Amino acid sequence: MKIAVIGAGPAGMTAAYKLSSAIADGRVTQLDVYESSEHVGGMAKSMRMWDQVVDMGPHRFFSHDRKVNEFWLEVAGKDYKMVNRQTRIYYKKKFFDYPLKAGNALKNLGLIEAARCMLSYFREKVFPTPDTGTFESWVTRRFGKRLYEMFFKTYSEKLWGVKCTELDSDFAAQRIKKLSLYEAVKNSIFKGKKNQHKTLVDQFAFPTRGTGSLYEKMADTVRTNGGNVLLKSPVEKVLNREGSAYAIELVSGETIEYDHIVSTMPISLLVTRLPEVPDDIKERALSLKFRNTILVYLQLDSKNLFTDQWLYIHSSELSMGRMTNFRNWIPELYGEQKESILCLEYWANFEDPEWKRDDQWYIELAKNELNATGLARKEEVLDGKVIRIPRSYPVYFSRYKEVLEPVQEYLSSIGNLHVIGRYGSYKYNNQDHSIFMGLLASENILDGKSNDLWKINTDYDTYQEASVINETGLAESS
């Protein structure tokens with residue numbers, strides 16, 4: 001078989017890594033990975049910046065799935081450390097521990113506000129908000145209206161650029177899963193493996209050279225096994241005939257034929273560039289929305305700014321949504337350097353004026369907003385850099401499934417085309433979801449399996465053999 005993989009992010013590199021193992025026995029005769037950028041890893045890549053290593057924002061790896069964890073350890077080897085997670089929510093100039101700690105929450109809210117939050121929660125138990133299928137109704141029903149407005153509404157609307165009444169409940173179902181106020185309080189009081197919700201895990205595995213080093217290792221293995229990882233090689237479109245994908249066309253116009261094509265390119269671009277796509281499918285694909293990210297990195301003349309790996313910024317007076325402090329991950333990232341690097345995240349749509357602002361405007365905004373939090377002074381900032389990531393988040397707008405499902409069915413009807421990844425499948429994946437997609441796609445190709453790739457990160461309780469990664473490797477999970 002000749003196989004092309006479009007995109008070298010977590011899903012694409014995982015698939016390529018597994019497929020390259022079949023080169024030696026002749027089942028795969030040609031394997032080419034096409035990546036439009038200069039690096040592998042996609043949004044999970046790592047970079048050198050001011051003589052330190054940084055990621056594209058905070059990327060933690062955590063999974064309960066034995067297959068995913070075994071694969072991660074196979075690639076990482078001994079080159080990882082466990083990070084004791086500390087993340088907090090910044091709201092109204094106060095810092096709330098996340099996961100919830102009862103004493104901290106009570107101190108920050110005060111007795112009266114805490115009582116109002118509890119009354120709001122109990123009111124939902126007696127007179128539940130109607131389930132409208134929106135993010136707002138989903139969260140309100142589980143936490144109460146008051147906590148929803150404090151800790152969910154502002155952050156979510158910053159991230160997605162739409163009102164929570166226009167955001168589908170699938171976003172909450174995938175990211176917050178079964179968590180409720182009751183579960184959060186139980187975790188706070190009776191913290192332990194048996195009651196700890198996946199959303200609240202307080203330790204995770206992290207590669208010693210940054211998240212992206214995992215995918216660089218995969219790329220090295222693909223090359224060693226005889227495959228090709230072609231950087232700065234964007235694919236223009238996939239070609240199909242008689243119901244099957246048979247070739248890709250590069251931006252240069254060159255056409256190369258393959259027996260199987262694995263695509264992680266944004267689903268809207270994939271579909272609208274396919275030949276002879278029905279008009280209604282093309283229109284649906286065009287209406288699928290992606291949110292863009294602007295990352296502002298600041299180098300600061302300080303080693304001890306704050307102790308969190310990252311902060312969620314819920315205050316409405318600040319435009320940023322999240323702030324990462326790479327000094328607090330593992331020492332291997334900063335080495336002998338005495339400065340700290342922060343990453344402040346902003347989000348925008350293509351048509352928004354914020355997407356078109358120049359880099360210096362964003363650096364000044366980040367300095368001012370950092371100063372406003374009280375965590376550092378503008379004067380401590382030595383330098384700044386801006387990275388823009390188009391189409392980084394698939395937007396779960398209200399009733400998006402009605403738009404997406406016919407597109408999925410159309411793509412599923414095309415033989416030898418395997419669509420995976422956050423961009424490719426239009427799913428808000430974590431790393432473990434994308435890795436799982438890559439593993440199952442390779443099984444479909446090499447072993448003739450019929451894994452339904454669309455179901456990953458949709459069936460929320462799919463883990464069959466529970467395990468976790470710790471300092472010594474794989475451990476059973478309760």
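Since every read-out is calculated from the coordinates, none of them should be taken as a lab result. Note that the coordinates shown come from a computational prediction; the quantities given were computed from them, not determined experimentally. A quick note on method: Cβ atoms are made from the backbone with ideal geometry, for glycine too, and the neighbour counts reach across all protein chains shown.
Order of GLU257, GLU166, GLU242 from fewest to most other C-beta atoms within 10 Å?
GLU242, GLU257, GLU166
Do the sum for the chain: with -39,500 (n - 2.57) for every DSSP H run of n ≥ 4, divided by all residues, what is the mean residue ellipticity at 222 nm, to the nearest 500 deg cm²/dmol?
The per-residue figure over the chain is -10000 deg cm²/dmol.
For the range 24-62, which trypsin sites (Lys or Arg not before Pro) are in a loop by DSSP, counting at most 11 other Cβ atoms within 10 Å? Walk me through the intermediate numbers first.
On the way: sites: ARG27, LYS45, ARG48, ARG60; in loops: ARG27, LYS45, ARG60.
Nothing satisfies the criteria.
Return a whole-number percent for the relative contact order of the range 22-114, with Cα pairs under 8 Å and 6 or more residues apart as the contact set.
With pairs under 8 Å counted, the relative contact order is 10 percent.
Treat every Asp and Glu Cβ in the chain as -1 and every Lys and Arg Cβ as +1, leave all other atoms uncharged, and give the resulting dipole magnitude about the Cα centre to the nearest 20 debye.
1960
Tell me the relative contact order for the chain as a rounded percent, counting alpha carbon contacts under 8 Å between residues six or more apart.
Answer for the chain is 25 percent.
Could you go through the range 340-346 in sequence order and give the Karplus-derived ³J(HN,Hα) for each residue, using 6.51 cos²θ - 1.76 cosθ + 1.60 with θ = phi - 60°, rounded to whole Hz, and x for Gly and Pro?
Here the 3J(HN,Hα) series is 9, 10, 10, 10, 9, 9, 10 Hz.
Could you give the distance between the Cα centres of the range 334-356 and the range 1-76, to the whole Å?
24
At a 10 Å Cβ-Cβ cut-off, how would you order MET118, MET150, MET437, fewest neighbours first? Could you put the intermediate results ahead of the total?
Working: MET118 15, MET150 19, MET437 31.
In increasing order of surrounding Cβ atoms, one gets MET118, MET150, MET437.
Students often get this wrong, so check it: of LYS45/LYS282; LYS338/LYS378; LYS92/LYS163, which have C-alpha atoms separated by over 25 Å?
LYS45/LYS282
Round to the nearest 10 and give me the degree value, 0 to 90, for the angle of helix 66-76's Cα axis relative to the longest principal axis of the chain.
That works out to roughly 80 degrees.
Ordered by residue, what ³J(HN,Hα) values in Hz, to whole numbers, does the range 410-417 give under the Karplus form 6.51 cos²θ - 1.76 cosθ + 1.60, where θ = phi - 60° and Gly and Pro are x?
Couplings: 5, 5, 5, 7, 8, x, 6, 10 Hz.
Just to confirm a number: summing +1 for Lys and Arg and -1 for Asp and Glu over residues other than PHE397 whose beta-carbon lies under 11 angstrom from that of PHE397, what do you get?
Residues near PHE397 contribute +1 overall.
Going by Cα centres, the range 97-150 and the range 399-431 are how many Å apart?
34
Per residue of the range 13-22, what does 6.51 cos²θ - 1.76 cosθ + 1.60 with θ = phi - 60° give for ³J(HN,Hα)? Whole Hz please, x for Gly and Pro, Karplus curve as stated.
With coefficients 6.51, -1.76 and 1.60, one gets 5, 5, 4, 5, 4, 5, 5, 5, 5, 8 Hz.
On C-alpha positions alone, give me the angle between the axis of helix 431-447 and the longest principal axis of the chain, in degrees, nearest 10.
It works out to around 20 degrees.
In what sequence do HIS39, HIS418, HIS314 fall when counting other Cβ within 10 Å, fewest first?
HIS39, HIS314, HIS418
At 7 Å along the Cα-to-beta-carbon direction for both ASP220 and GLU443, put a label point, then send me their distance in nm to one decimal.
2.8
Please sort by residue number the trypsin sites (Lys or Arg not before Pro) in the range 413-452 whose DSSP state is loop and whose Cβ has at most 13 other Cβ atoms within 10 Å.
Listed in order of number, the matching sites are LYS449.
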